[in-house]
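**Student:** Provided herewith is a single structure, encoded as structure tokens, for subsequent inquiry.
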């Protein structure tokens with residue numbers, strides 16, 4: 001069983017996976033390769049002069065995998081409560097179990113709705129429906145969280161990445177039973 005399964009591997013999902021995997025949590029990252037980030041050009045992403053969407057997404061995947069996240073290319077079609085967590089079924093017929101699920105499905109809230117997660121009207125242009133979350137990213141279903149555009153934050157990639165990190169820190173903190181902080185220190189030669 002995975003401790004955390006993240007559905008959607010754009011900036012929000014990959015950022016969440018980077019944090020959960022780096023914290024030593026067994027992490028699954030499911031990506032359908034249909035996200036809007038791949039179609040973008042970014043000159044407003046802090047710390048990067050400019051980058052095309054495919055490079056940004058692939059770099060995020062590599063960062064998460066560097067720390068041990070397992071990346072699966074498939075479409076999640078259902079999330080159902082099962083035992084002490086959730087069973088995620090994919091279009092390809094695979095199934096995975098996870099204690100916590102983070103929905104980072106971008107502009108699409110269908111999977112959330114089908115999983116019993118409460119949704120509401122979106123406020124961003126062209127984003128009709130979002131997941132209703134509290135400030136920590138929790139949904140009405142205990143153990144299912146949401147991050148990024150699907151959670152109602154701005155569609156800007158840097159904002160969704162930060163929201164993914166925030167939700168991941170909150171999931172890690174819940175798993176650990178105490179507030180988790182991830183700070184690396186510059187190593188001098």
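**Student:** Go through (1) loosely packed, with under 15 Cβ neighbours inside 10 Å; (2) within 16 Å of the chain's Cα centre (by Cα) one by one and return the number of the condition residue 84 breaks.
**Tutor:** (2)
**Student:** Filter the range 74-122 for residues that are over 15 Å from residue 147 (Cα atoms) and in contact with a helix residue (DSSP H, G or I) (Cβ under 8 Å, 6 or more places away or on another chain) and give the result.
**Tutor:** Once the filter is applied, which keeps residues that are over 15 Å from residue 147 (Cα atoms) and in contact with a helix residue (DSSP H, G or I) (Cβ under 8 Å, 6 or more places away or on another chain), the range 74-122 yields 76, 77, 78, 79, 99.
**Student:** Among the residues of the range 141-189, what is the count of those that are surrounded by 12 or more Cβ atoms within 10 Å (Cβ to Cβ) and at positive phi?
**Tutor:** Initially, the range 141-189 is screened for residues surrounded by 12 or more Cβ atoms within 10 Å (Cβ to Cβ), giving 141, 143-176, 180, 182.
Restricting the remaining residues to those that are at positive phi gives 143, 148, 152.
Adding up the residues that qualify gives 3.
**Student:** Is it true that some residue in the range 160-170 is closer than 22 Å to residue 3 by Cα, part of a loop (DSSP other than H, G, I, E, B) and either out of contact with any strand residue (DSSP E or B) (no Cβ under 9 Å at 6 or more places or on another chain) or modelled with pLDDT under 95 (or both)?
**Tutor:** No - not one qualifying residue is present in the range 160-170.
**Student:** Still on this structure: What tally of residues in the range 27-42 results from selecting those that are within 14 Å of the chain's Cα centre (by Cα) and surrounded by 15 or more Cβ atoms within 10 Å (Cβ to Cβ)? Before you say what the answer is, go through the steps one by one.
**Tutor:** Here is the first cut: in the range 27-42, the ones within 14 Å of the chain's Cα centre (by Cα) are 27-33, 35, 37.
When the remaining residues are screened for being surrounded by 15 or more Cβ atoms within 10 Å (Cβ to Cβ), the result is 27-32, 35, 37.
Counting residues in the range 27-42 that are within 14 Å of the chain's Cα centre (by Cα) and surrounded by 15 or more Cβ atoms within 10 Å (Cβ to Cβ) gives 8.
**Student:** I'm told residue 142 meets every condition in (1) part of a loop (DSSP other than H, G, I, E, B); (2) in contact with a helix residue (DSSP H, G or I) (Cβ under 7 Å, 6 or more places away or on another chain); (3) under 25 Å from residue 24 (Cβ atoms) except one. Can you identify the failing condition by its number?
**Tutor:** (2)
**Student:** Also, I was wondering about something else. Checking residue 137 against (1) at negative phi; (2) in contact with a helix residue (DSSP H, G or I) (Cβ under 7 Å, 6 or more places away or on another chain), which test does it fail?
**Tutor:** Among (1) at negative phi; (2) in contact with a helix residue (DSSP H, G or I) (Cβ under 7 Å, 6 or more places away or on another chain), the lone unmet condition for residue 137 is (1).
**Student:** Only one of (1) in contact with a helix residue (DSSP H, G or I) (Cβ under 9 Å, 6 or more places away or on another chain); (2) closer than 22 Å to residue 156 by Cβ; (3) surrounded by fewer than 18 Cβ atoms within 10 Å (Cβ to Cβ) fails for residue 19. Which number is that?
**Tutor:** Among (1) in contact with a helix residue (DSSP H, G or I) (Cβ under 9 Å, 6 or more places away or on another chain); (2) closer than 22 Å to residue 156 by Cβ; (3) surrounded by fewer than 18 Cβ atoms within 10 Å (Cβ to Cβ), the lone unmet condition for residue 19 is (3).
The values are calculated or read from the model by the stated rules, or taken from the named source; none is laboratory data. Bear in mind that the values here come from a model prediction, so they are computed numbers and not experimental data. Cβ coordinates were reconstructed from backbone atoms using ideal geometry, including for glycine residues, and neighbour counts include every protein chain displayed.
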